[in-house]
Amino acid sequence: MEHFDFDTKLNTTKGLSRNDLKRTIELNSKDDGAEIYYVRIKAPGLYTLKDVKSRNNIDVRTKHKAVYVFTCPTAEFESSATTDLCTGDDGPVGIKVSGVPPFSLGYIQRVGDWEFPSKISQIRPQDVNVLPAEKIHDMDNVDPEFFRPNPTQFYSWAATHHQTVYLKPTLEHPTLYEYQLLNVTDGFGNTVFLDQSSVINFRVHEHPSAKFACNDVDPPKLLVNEDVAHIPFELQGSGPWKVGYRHIQESNDKTTEFNVSLSVPMASLQVRSPGIYELLEVSDSYCKGNILTPSTCRVVQPPLPSIEIRETPIPSECSGTDFIGMKFFTELKGTPPFNLKYNVYKKTGRSKTIVGSWNETIDRSRYIISYMPTTSGDYIYEFESLSDKNYRDQDISKYAFSHTVYPQPDASFDESLTTLKTIRTCVGESISLDVKLTGARPLTLFWSISGQLYSEEIQDDKYRLKIPNLEKPGPHVVSLVMIKDANGCSIDLEARDVVIDVRRERPTAGFYTNNQFNGSVEITQGSTATLPLRLAGKGPWMVGYKNTEKENAETNMVVTEDPNATLETKEPGTYEVVSVQDEFCRGNVIPSPYTVRWIDKPVMTIDDETAILKQEDAYEKPGVCQGASASVGIKFQGHGSFYCSYDKYQVGSWKLNPVHLGTEEINSVYPNAQVNLDTNTSGKFRYLFNKIADQRYSDPFVTFHRQTVEYTVHPLPTVAFSGRTKKQHSLCVGDSLLSNDMPPIWLDLTGQAPFVVEIRVKHQTANHLQTHHLSVPTHKYKLELFDVLETSGLYNIELVSVVDNNGCHSTTPASNPVLTVEAMEVATISSSDTCADHCVGDDLDYTLYGVSPFAVSYQFNGRNKKITASSSTLSILADSPGNLTIISVGDKRNKCTTYINHMTSIIHQTPSSFISGGREVFENIHEGDTAQAVIDLVGTPPFEFKWQRSELVWNKDKNHHYKGNVLETHLVQDVQDNRYYINTAVEGIIEVTYIKDRYCQYPRL
């Protein structure tokens, strides 16, 4: 075999032995007899068979065709220098492709959550010639010359080439971009599907941005005596950021540029000088950014706040030389709002006592402060500090003033009285009014009520006027008339009056008893009783009541606006109203006791006729079989209908750890009810009756005496074939179930021993049926049945039912596994062919008798083989010459086997022929001469064959002969030799088209 390397342009020749060939035809192949071999190659290139000989060294005619083997195409991404890009960047994605061009690529582009399948075709180097497109896409109809080796051809188009193609995606979205290669196809349509690792991805980032967050109305301030000011600043992007900015001095337009690094998006720039600041550039971890507006910010330095204070005394109305207070006129400079702190002291001898401290908030530039003391004396006014919006506590202690003050007397009712239009009270009730006074003490106050004038001498600045008991109903006006101080200064008062409305009737309170001496109500325990009140007067009322049946009972107070209000209580007893007061005065109580009583709770007990009392509140029922019906009776006392809930527990060997199975409920309109016990599961169970309710106590509550019922559910016995017992067996007709070929049958039983088991042996036709009742003393039992299998077919051994010592009976379910015994007929075989001689490629047909599947043993050319037949017919393909003898036939486990004598078939090789040793021979003859064609015949004589001569056609363009029309055909019979000669004087192509020997022929009919 000759190899031409496309890349190195070198020719090499290699001899191939039989070990280098791999045959593909096997036994049972139904091919037409042609033998196919494969040659393993390890390098791409052009392969040509130069010379082939058979096993007996005869030249084999070859078709001079070339085989092209190309390098499989590959594709992979170029490694990327960066995995982070910016929107708007050029992001070329390089893909390296190798193989035979032109290439096509299939890939997927993923942008965020979007996916775009794409394909690129006609990828090829610019300076490389490629195979014409018609040769690539129509290989079945290509010119045969394409596969004929050409020594002058270097096949540059078939060499391996490497090409890099670039994708240029538009990076518009800040997200994850991913590219995955799916497949690559070369110039001959060879497609390689790439795995999921052929992926490249990169993150596209948005360009960062920067802007100031200041405004012209309230610009950043660099205060006096402070080192830095902060300009609010906003950043977008992925930190950290680098920011460039410059400072412009407003006084001389001098500029200075700065660069800073910031790590958080909401930050501030620290600056040390007032002026205009302008952003120049910004970049983050990945991209250069944009400067947004506002990009400039003005930093100002506000002046310190200041104040000018001017004083003016306030003259007295009684004396032109005395003053009752001071006024201070202030002028403020700075940024409002201002905060002014000052203190007022009263001088006593050489010391001073603080009277008050004030902290005035001022929102204007001019402000007046007035101060009028309530007592005479020397007063000092000291101004402490001034603050504005920007500066705190600037010292203004230089402003201090002192004056002597003689305040004039004054009096007024307390504000809590003047805010009320009318004060109401009842006839005979006393009342007091609070008055506030100022002036030099002692003070004399003149006041009047209903035209009657009164006077009081007062030493304090507060006084309580005691109004005489008012016996006349209706409105009464109290007025403050005049006041006189210790200096003899009298002032007529303009204070607001107080009106007292005197009501004739007093309020009353009592329980509503529906014209009975006392009222009563019954309630369930825990519920709320509502006691109706009847109130008279003007609300709101304050009512006092208590439970007289409780020792040392406290009086409860309740306030209500409703004259028909109710009292709520959850405790039983007798309740009485003990006091009442409405909006104006205390009232009278109407005797009307009200009694609250509890209703008896419902009671539940277990009916002792349905269960046995073992101890207090604990009952037990006799054991019951699983699935059987069982119940327990319960009795109710109370007001039907009744409700009861109970918890179900499964009690194990340790009673302290029961398993809760759930909660059930009972609803009954009758005092007697039945509770069905759960017997679906075996074990010991306990029912705990814990909650009860009736018509009155509708909210279920836990009973004080909780009843329990315990019972045992016996499990139903079971019987089954042991897990180690095979469920399918095979015996021959006439065998017993105790045959040596029948393995032991073991039974597994559960329940209380001993047991009675019902077993049935049944033939599939139901014509043979035998039932057995066996006493089984243990839980593991070996089954012995004496039944004989008289008829072929399937026998089922079924477990029907079982009864244990507890009397519990169970029937095995239909789905329970059965043991199947197959009684098989003895298998036989016969040949369907009457002739013992066969040819390679014939089917040897046999007929099988018995029950399939069959196992047939045979010998072929001295080697023993086995074959399985699933039906009554068997066909064996004769794929090579030799002798095939049937040895035995049985089932697939080779039981009930029959051994066969004298069933042999002889398989003969298909005849063949060679002209001129199997080579293509071109022989020139002159006119009048003859040429001789030698035909070698392979097979068993006599031979019969057919040969024909075809027209010899010359193709000038391709310099090659072709076979034309058939000119003559001859049939040669009864040839006894293995060689035959044909002499001819006519040109043409001679070939054998049919051959037959003693046993076989080719082609097969």
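A few remarks follow.
- Checking Lys782, Lys762, Lys727 one by one, the residue that is more than 27 Å from Gly850 (Cα to Cα), surrounded by fewer than 18 Cβ atoms within 10 Å (Cβ to Cβ) and of a type in the set (D, E, K, R) is Lys782 and no other.
- Strands (runs of 3 or more DSSP E) lying entirely in region 532-625 (those with 3 or more residues that are touching a residue at least 60 places away in the same chain (Cβ under 8 Å) and either surrounded by 14 or more Cβ atoms within 10 Å (Cβ to Cβ) or of a type in the set (A, V, I, L, M, F, W, C) (or both)): 573-581, 594-598, 603-606, 618-620
Table: residues versus (1) free of Cβ contacts under 8 Å to residues at least 24 places away in the same chain; (2) within 37 Å of the chain's Cα centre (by Cα).
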| position | (1), (2) |
| --- | --- |
| Phe188 | no, no |
| Ser198 | no, yes |
| Thr255 | yes, no |
| Val282 | no, no |
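- Of the numbered criteria (1) closer than 19 Å to Ser912 by Cβ; (2) touching a residue at least 12 places away in the same chain (Cβ under 8 Å), the one Leu1005 fails is (2).
- Filtering Ile231, Ile276 for residues that are of a type outside the set (D, E, K, R), assigned to a strand (DSSP E or B), in contact with an Asp or Glu (Cβ under 7 Å, 6 or more places away or on another chain) and over 30 Å from Thr83 (Cα atoms) leaves a single hit, Ile276.
- Note on region 860-882: among residues that are more than 17 Å from Ala827 (Cβ to Cβ) and assigned to a loop (DSSP other than H, G, I, E, B), the one that is least open to solvent (accessible area, probe 1.4 Å) is Ala878.
- Residue within region 712-727 that is farther than 30 Å from Thr681 by Cβ and touching a residue at least 12 places away in the same chain (Cβ under 8 Å) present: yes
So that you can scan it fast, the table gives a plain yes or no per residue for (1) surrounded by 14 or more Cβ atoms within 10 Å (Cβ to Cβ); (2) of a type in the set (S, T, N, Q); (3) within 28 Å of Thr524 (Cβ to Cβ):
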| residue | (1), (2), (3) |
| --- | --- |
| Gly633 | yes, no, yes |
| Ser645 | yes, yes, yes |
| Val651 | yes, no, no |
| Asn676 | no, yes, no |
| Thr681 | no, yes, no |
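- Gln770 being open to solvent by 40 Å² or more (accessible area, probe 1.4 Å), more than 60 Å from the chain's Cα centre (by Cα) and closer than 27 Å to Met742 by Cα: yes
- Residues of region 335-367 that are among the β-branched types (Val, Ile, Thr), closer than 16 Å to Ser306 by Cα and either assigned to a strand (DSSP E or B) or touching a strand residue (DSSP E or B) at 6+ places or on another chain (Cβ under 6 Å) (or both): Thr361, Ile362.
- On the stretch given as region 224-253, residues that are crowded, with 16+ Cβ neighbours inside 10 Å, within 22 Å of Gln301 (Cα to Cα) and either touching a residue at least 60 places away in the same chain (Cβ under 8 Å) or touching a Leu at 6+ places or on another chain (Cβ under 6 Å) (or both) total 4.
- Residues being open to solvent by 50 Å² or more (accessible area, probe 1.4 Å) and part of a strand (DSSP E or B) - total across region 519-531: 3
- Scanning region 613-625 for residues that are touching a strand residue (DSSP E or B) at 6+ places or on another chain (Cβ under 7 Å) and modelled with pLDDT under 90 returns Lys614, Asp617, Gly623.
- Any hit, region 305-328, residues being open to solvent by less than 60 Å² (accessible area, probe 1.4 Å) and either under 24 Å from Phe212 (Cα atoms) or of a type in the set (Lys, Arg) (or both): no
- Any hit, region 316-328, residues being under 30 Å from Ile369 (Cβ atoms), without any contact (Cβ under 8 Å) to a residue 60 or more places away in the chain and touching a strand residue (DSSP E or B) at 6+ places or on another chain (Cβ under 7 Å): yes
- Residue match in region 385-404 (condition: more than 30 Å from Val580 (Cα to Cα), open to solvent by 10 Å² or more (accessible area, probe 1.4 Å), of a type in the set (A, V, I, L, M) and assigned to a loop (DSSP other than H, G, I, E, B)): yes
- Single residue of region 56-104 satisfying the filter (under 25 Å from Pro44 (Cβ atoms) and among the aliphatic types (A, V, I, L, M)) that is surrounded by the most Cβ atoms within 10 Å (Cβ to Cβ): Val100
- Yes/no for Lys352 being of a type in the set (Lys, Arg), free of Cβ contacts under 8 Å to residues at least 40 places away in the same chain and open to solvent by less than 70 Å² (accessible area, probe 1.4 Å): no
- Scope region 629-662; condition of a type in the set (Ser, Thr, Tyr) and either at pLDDT below 90 or farther than 18 Å from Ile606 by Cα (or both); matching residues: Ser629, Ser641, Ser653
- No other residue among Cys839, Cys835 is more than 27 Å from Ser792 (Cβ to Cβ) and open to solvent by less than 20 Å² (accessible area, probe 1.4 Å) apart from Cys839.
- Test: residue in region 799-812 that is surrounded by fewer than 17 Cβ atoms within 10 Å (Cβ to Cβ) and free of Cβ contacts under 8 Å to residues at least 40 places away in the same chain: yes
- Strands (runs of 3 or more DSSP E) within region 43-155 that include 2 or more residues over 30 Å from Val204 (Cβ atoms) and modelled with pLDDT of 70 or more: 45-48, 66-69
- Only a single criterion out of (1) part of a loop (DSSP other than H, G, I, E, B); (2) modelled with pLDDT under 85; (3) open to solvent by 50 Å² or more (accessible area, probe 1.4 Å); (4) not polar (S, T, N, Q) is not satisfied by His705, namely (1).
- Region 759-782 residues that are at pLDDT below 85, paired with ones that are among the aliphatic types (A, V, I, L, M) (beta carbon under 6 Å, 6 or more apart): Gln764/Leu794
- Screening Asn740 against (1) open to solvent by 50 Å² or more (accessible area, probe 1.4 Å); (2) in contact with a strand residue (DSSP E or B) (Cβ under 8 Å, 6 or more places away or on another chain); (3) closer than 14 Å to Phe786 by Cα; (4) not aromatic (Phe, Trp, Tyr) leaves a single unmet condition, (2).
- For region 280-304, taking the residues that are closer than 16 Å to Asn259 by Cα and assigned to a loop (DSSP other than H, G, I, E, B), the one that is most open to solvent (accessible area, probe 1.4 Å) is identified as Ser285.
- Residue pairs whose Cβ atoms lie under 7 Å apart, separated by 6 or more positions or on different chains, with the first residue in region 41-61 and farther than 20 Å from Thr160 by Cβ and the second modelled with pLDDT of 75 or more and hydroxyl-bearing (Ser, Thr, Tyr), are Lys50/Thr13.
The values are calculated or read from the model by the stated rules, or taken from the named source; none is laboratory data. Please read these numbers as outputs of a predicted model, since none were measured by experiment. For neighbour counting, all protein chains shown are included, and Cβ atoms are generated from backbone atoms with ideal geometry for every residue, glycine included. Surface areas here come from the heavy atoms of the whole protein model, side chains and all, with no ligands, DNA or RNA. Shrake-Rupley method; radii C 1.70, N 1.55, O 1.52, S 1.80 Å.
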